[in-house]
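Data block below; observations after.
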Amino acid sequence: MKWLANRFGATKMFRNAALIDGVVTDLDDSCVQPNAVDLRLDTVQRIADSNFILVSSRHQDDARFKLTRDMQNIEPVPWNSTNFFHKMGKYAGLGSYKSMFELEQGSYQFETKHKVTIPEGMAGWLIARSTLNRNGIFITSGLYDSGFSNFIGGVMHVMTGHAKIERGARIAQFILADAETAHLYDGQYNAAKT
């Protein structure tokens, strides 16, 4: 990788957002990882099995075309783990959690409790924490461009069995990378436009 960095004149390709003031809000010490920051789950919506049509920008104002599928809000439920873990033997007595999202197999749009502001000359994206990957839960995310400023989220794909995830659990890592910026993002997902 050193030859790649030297070829493009970069000394660092990835940057830890925790080390740059004002990029990610609401971080605690447990969120700061060696090369990225963990983000905590806040809201979840199930992506419905409804029609989706992607059209060119000249048709985006046409009400017949939807840019997103229908969504169903998933509310976290109070959850006492004592009975659940008691059945599992060695996990007995772990106590209870505030509230859990109970997820069936499927795809879910989620938002974290963290707002990000991507500086000029950088871009960011989310990846799943390895704990989720090992359990058949994958996270996909588009690229967050220079100039993006809003709460950050992505899509969680629950591939195998049921999953219970506590609201506030660390589910994704946010990575920043140096990037050439042609212009700053000024799209509909910036906080000032939503």
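The values are calculated or read from the model by the stated rules, or taken from the named source; none is laboratory data. For clarity, every value in this text was computed on a predicted model and none was experimentally measured. FYI the Cβ positions are ideal-geometry reconstructions off the backbone, even for glycines, and counts take in every protein chain you see.
Which members of segment 174-191 meet the condition of being assigned to a strand (DSSP E or B) and among the small types (Gly, Ala, Ser)? Can you show your working first?
At the first step, the residues of segment 174-191 found to be assigned to a strand (DSSP E or B) are 174-178.
The answer is ALA177, and nothing else.
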Evaluation of GLY95 against (1) surrounded by fewer than 16 Cβ atoms within 10 Å (Cβ to Cβ); (2) modelled with pLDDT under 70; (3) within 26 Å of the chain's Cα centre (by Cα); (4) under 21 Å from ARG167 (Cβ atoms) (one fails), failing number: (3)
Residue hits (segment 138-177; among the charged types (D, E, K, R) and either surrounded by fewer than 17 Cβ atoms within 10 Å (Cβ to Cβ) or closer than 22 Å to THR43 by Cβ (or both)) are LYS164, GLU166, ARG167, ARG170
Considering only residues of segment 36-67 that are exposed (fewer than 11 other Cβ atoms within 10 Å of the Cβ) and within 18 Å of SER107 (Cβ to Cβ), which is modelled with the lowest pLDDT? LEU67
In the set TYR185, TYR108, the lone residue that is in contact (Cβ under 8 Å) with a residue 60 or more places away in the chain, over 22 Å from GLN45 (Cα atoms) and among the hydroxyl-bearing types (Ser, Thr, Tyr) is TYR185
